[in-house]
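Okay, so here's the structure we're looking at.
The values are calculated or read from the model by the stated rules, or taken from the named source; none is laboratory data. Remember, it's a predicted structure, so these values are computed and weren't measured experimentally. Backbone-built Cβ (ideal geometry, glycine too); neighbour counts: all protein chains shown. We work out accessible area using only protein heavy atoms, side chains counted, and drop any ligands, DNA or RNA first. Shrake-Rupley method; radii C 1.70, N 1.55, O 1.52, S 1.80 Å.
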Amino acid sequence: MQTAPDTADAARTEHTFELILQRSQMRLPVAPGESMADVLQLAGVPLETLCAQGMCGTCVTRWLDGEPDHRDSCLSAAEQATHVAVCCARSHSATLTLDL
């Protein structure tokens, strides 16, 4: 089971990044303090969330490109290689492509 990164680690990844939705080619900026889930829902992308803390796995989505900053406690390391909990994750890279 993964644990959330410490505050210093989280602060280093608080930058704006672009979320790319592979299927629609929609590009959405995610600003510091915003969650990918909030940005997706505001853009009209159907997405179910429950806990908004990366504990339940409801919002887990397949990622295709980029370098996610996993902040969940629901995915194993093997699962994080292909999926991300969009309610709490950020991106280390300038873009993160989701299978949406």
### Message
Would you confirm, using the coordinates I've provided, whether ALA78 is at pLDDT 95 or above and open to solvent by 40 Å² or more (accessible area, probe 1.4 Å)?
### Response
yes
### Query
Any idea which residue in segment 81-94 is nearest to ASP38 (Cα to Cα), counting only those that are open to solvent by less than 40 Å² (accessible area, probe 1.4 Å) and touching a strand residue (DSSP E or B) at 6+ places or on another chain (Cβ under 7 Å)?
VAL86
## Note on the structure
Selection from segment 18-64 of residues open to solvent by less than 30 Å² (accessible area, probe 1.4 Å), in contact with a Lys or Arg (Cβ under 7 Å, 6 or more places away or on another chain) and farther than 11 Å from VAL86 by Cα yields ILE20
